[in-house]
Amino acid sequence: MTPRSREEIRQAIVDALGGIAPEIDPGSIAADLPLREQIDMDSFDFLNLIIRVHEILGIDIPEQDYAKLVTLNGAVEYLARRCAAQQ
Amino acid sequence: MEAGTLVEWLVRPGDEVKRGQVVAVVETQKGAVDVEIWETGTVDQILVESGRKVPVGELLALLRTAGEPVAGAQDISGLQEAAGVEAASVLSGASPSRAGIPPVSRISPVRPRVSPSARKLAEELGVEIASLSVAETGAEISRADIERAAQAAMKAQPAIQPASSDWQSQMRKAIAAAMARSKREIPHYYLATDIDMSAVSAWLSSENLKRNVTRRLLPVIPCMKALALALREVPELNGFWIDGAFRSSAAVHLGMAISMRGGGLVAPAIHDADKKSLDQLMADLRDLITRVRGGRLRSSEMNDPTVTFTNLGEQGVDGVFGVIYPPQVAIIGLGKTSEKPWVDQGAVVARKVATATLAADHRASDGHSGGLFLATLGKLLQEPERLR
């Protein structure tokens with residue numbers, strides 16, 4: 001597993017979001033506000049986001065950690081920790 | 001609910017077709033709908049060329065069944081039905097610019113997929129989707145492809161005025177018509193009950209813990225199964241009110257209210273939901289939502305839900321009292337699951353609770369049956385391990 005920079009992780013999440021909600025402008029996402037308040041996502045979209053991130057980063061995100069992925073910044077921090085732990 | 005535009009034929013005269021095969025694509029304001037055929041045989045004659053707007057019930061083609069001589073070709077009754085029913089029957093959002101869609105013979109066998117957003121953009125910019133080749137766009141036509149095509153067209157012919165799109169307003173009209181008819185004709189009664197969701201939530205968490213992320217179940221899945229099973233116990237909620245009488249349905253085809261990106265909603269069916277495993281229901285729901293948002297539904301899914309389920313709890317509402325989609329006779333709602341004080345054997349405890357609601361047609365059932373249904377649903381959700 002190659003180490004991932006925070007920037008790579010952020011890009012992976014933004015790419016995954018683009019696949020779910022093609023109408024969003026990635027630059028307009030406020031990193032500290034809940035994603036689901038900014039992007040029209042339901043639980044199905046959110047599960048697809050988790051699956052997509054899993055495919056890109058190879059990190060399995062257990063359901064009880066979903067709450068840690070509420071904001072973009074929160075998701076980057078969480079995934080960076082998980083990536084580091086897998087080294 | 002009056003017409004749709006035949007966008008594309010997927011068969012031509014002489015082709016063998018099987019029951020259930022997708023034979024044509026009809027554009028409605030709910031997006032493109034695949035039209036299935038309900039007979040097995042040979043296509044004898046195509047009566048409606050692609051690009052034409054057709055009213056509900058229009059004969060689309062003639063089919064020859066096995067052993068039948070060419071001269072005795074019969075109407076494709078299934079096709080007639082398929083094109084004529086509610087889904088394909090919604091008013092078409094077609095603009096005059098669609099009229100030039102090339103005939104079947106020129107359509108490549110590899111059909112690119114078009115997202116609803118790209119399709120909408122194409123209408124706005126006046127780009128003929130059928131004119132784009134797979135070589136240019138790949139298997140999926142994106143907004144970028146449409147923009148490129150529009151720019152190329154602008155350069156070639158700067159005088160072209162883009163056709164304005166009214167797809168969204170057409171869909172709004174279809175929803176308005178169905179809902180107004182419902183409130184005009186159907187004497188709704190409404191029931192609500194709080195259901196203890198602790199058992200099913202705990203069971204689902206432990207189940208999902210064992211599963212890889214790609215195989216996880218959404219919380220709505222066990223609820224779908226439970227309500228499909230509960231409907232078997234109370235058949236007067238499952239079926240249609242047609243010509244002044246209730247016709248119950250032996251099959252439970254669960255119409256799932258799915259919102260569309262950019263507004264509007266559809267409620268296509270998950271067929272035989274009572275007989276499917278939770279994994280199968282998840283696979284079916286995934287497939288259905290993906291196709292709703294990717295712009296490809298089958299006519300049978302749009303036409304034959306026997307009841308509707310709306311899960312507005314996602315948006316954080318406690319309960320939803322739905323408007324029945326005619327000619328169905330019931331709509332079941334589920335609000336959000338949240339922790340609430342609950343009295344259990346004399347003690348107040350914190351439990352995960354959700355409000356289940358029922359709006360039902362009083363011509364077809366009474367409150368007593370409705371209450372029985374909600375009680376059965378609540379009971380089934382207490383034993384999630386049995387919902388297999």
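The values are calculated or read from the model by the stated rules, or taken from the named source; none is laboratory data. Worth saying up front: this structure is predicted, and the values here are computed from it rather than measured. Note: ideal-geometry Cβ built from the backbone for every residue, glycine included; neighbour counts use all protein chains shown. Surface accessibility is based on the protein's heavy atoms, side chains included, excluding ligands, DNA and RNA. Shrake-Rupley method; radii C 1.70, N 1.55, O 1.52, S 1.80 Å.
Association of chains A and B removes close to 1600 square angstrom of accessible area from solvent, both sides included, for a probe radius of 1.4 Å. In this structure, the amide hydrogen of B:ASP44, modeled 1.01 Å from its nitrogen in the peptide plane, lies closer than 5 angstrom to those of B:GLY14, B:LEU62, B:LEU63, B:ARG64, counting only residues at least 5 positions away or on a different chain.
What is region B:186-386 by shape, rounded, prolate or oblate, if you read a ≥ b ≥ c off the alpha carbon gyration tensor as root eigenvalues and call it rounded for a/c under 1.5, prolate for a/b larger than b/c, and oblate otherwise? Don't skip to the answer; put the middle values down first.
Numbers: a/c = 1.69, a/b = 1.15, b/c = 1.47.
The shape class here is oblate.
If you average the alpha carbon positions of region B:356-388 and of region B:266-344, how far apart do those two centres end up, in angstrom? Distance between centres, Cα-based: 15 Å.
Go through B:LYS183/B:LYS275; B:LYS275/B:LYS379; A:LYS68/B:LYS210; A:LYS68/B:LYS352; B:LYS18/B:LYS53; B:LYS53/B:LYS276 and tell me which ones have a Cα-Cα distance over 29 Å in this structure. If you can, show how the numbers build up before the last one.
Values: B:LYS183/B:LYS275 32 Å; B:LYS275/B:LYS379 18 Å; A:LYS68/B:LYS210 20 Å; A:LYS68/B:LYS352 21 Å; B:LYS18/B:LYS53 25 Å; B:LYS53/B:LYS276 37 Å.
The answer is B:LYS183/B:LYS275; B:LYS53/B:LYS276.
Assuming R0 = 45 Å, what is the FRET efficiency of B:LEU59 and B:ALA283, from their Cβ-Cβ distance, to the nearest 0.05? If you can, show how the numbers build up before the last one.
Working: r = 36 Å, r/R0 = 0.79.
The value I calculate is 0.80.
Of the residues B:ARG172, B:ARG298, B:ARG12, B:ARG216, the one with the largest accessible area comes first in the ranking B:ARG172, B:ARG12, B:ARG298, B:ARG216, computed with a 1.4 Å probe on protein heavy atoms.
Burial annotation for region A:17-59: residues with an accessible-area loss of at least 30 Å² between the isolated chain and the complete set of protein chains, computed on heavy atoms with a 1.4 Å probe, are A:ASP40, A:ASP42, A:SER43, A:PHE44, A:LEU47, A:ILE51, A:HIS54.
Each Lys and Arg Cβ is given +1 and each Asp and Glu Cβ -1; about its Cα centre, chain A then shows a dipole of about 400 debye.
Counting only protein heavy atoms and a 1.4 Å probe, region B:186-386 has 40 square angstrom of accessible area per residue.
So, with +1 on the Cβ of K and R and -1 on the Cβ of D and E, and no other charges, what is the size of the charge dipole of region B:238-319 about its Cα centre, to the nearest 20 debye?
It comes to approximately 300 debye.
The 1.4 Å probe gives accessible areas that order B:SER369, A:SER28, largest first, as A:SER28, B:SER369.
When the Cα positions of B:PRO268, B:ALA283, B:VAL348 are compared along the charge dipole of region B:186-386, B:ALA283 comes out farthest toward the positive end, with charges on each C-beta of Lys, Arg, Asp and Glu. Contact with the other protein chains removes 20 Å² or more of accessible area, compared with the isolated chain and a 1.4 Å probe, from these residues of region B:208-224: B:ASN208, B:LEU209, B:ASN212, B:VAL213, B:THR214, B:ARG216, B:LEU218.
A 1.4 Å probe, protein heavy atoms only, puts the accessible area of B:ARG363 near 90 Å². Within the full protein context, the accessible area of B:LYS53 is estimated at about 110 Å² for a probe radius of 1.4 Å. Charge dipole of region B:186-386 (Cα centre as origin; +1 on each Lys and Arg Cβ, -1 on each Asp and Glu Cβ, all else neutral): 740 debye, rounded to the nearest 20. B:VAL353: net charge of surrounding residues, Cβ under 9 Å, Lys/Arg +1, Asp/Glu -1, itself excluded? Result for the local shell: 0.
In the assembled protein chains, B:PHE321 presents an accessible area of approximately 110 Å² (probe radius 1.4 Å).
Could you tell me whether region B:325-374 comes out rounded, prolate or oblate from its Cα gyration tensor? Rule is a ≥ b ≥ c as square roots of the eigenvalues, rounded for a/c under 1.5, then prolate if a/b exceeds b/c, otherwise oblate.
Working: a/c = 6.46, a/b = 2.19, b/c = 2.94.
Oblate shape, in that a/c is at least 1.5 and b/c is the bigger or equal ratio.
Ranking B:LYS120, B:LYS352, B:LYS379 by solvent-accessible area of protein heavy atoms (1.4 Å probe, all protein chains present), from largest to smallest, gives B:LYS379, B:LYS352, B:LYS120. Shape verdict for chain A, please, from the Cα gyration tensor: rounded (a/c under 1.5), prolate (a/b greater than b/c) or oblate. In terms of gyration-tensor shape, prolate. The modelled label-to-label distance between B:VAL349 and A:HIS54, using points 7 Å beyond Cα along the C-beta direction, is 3.1 nm.
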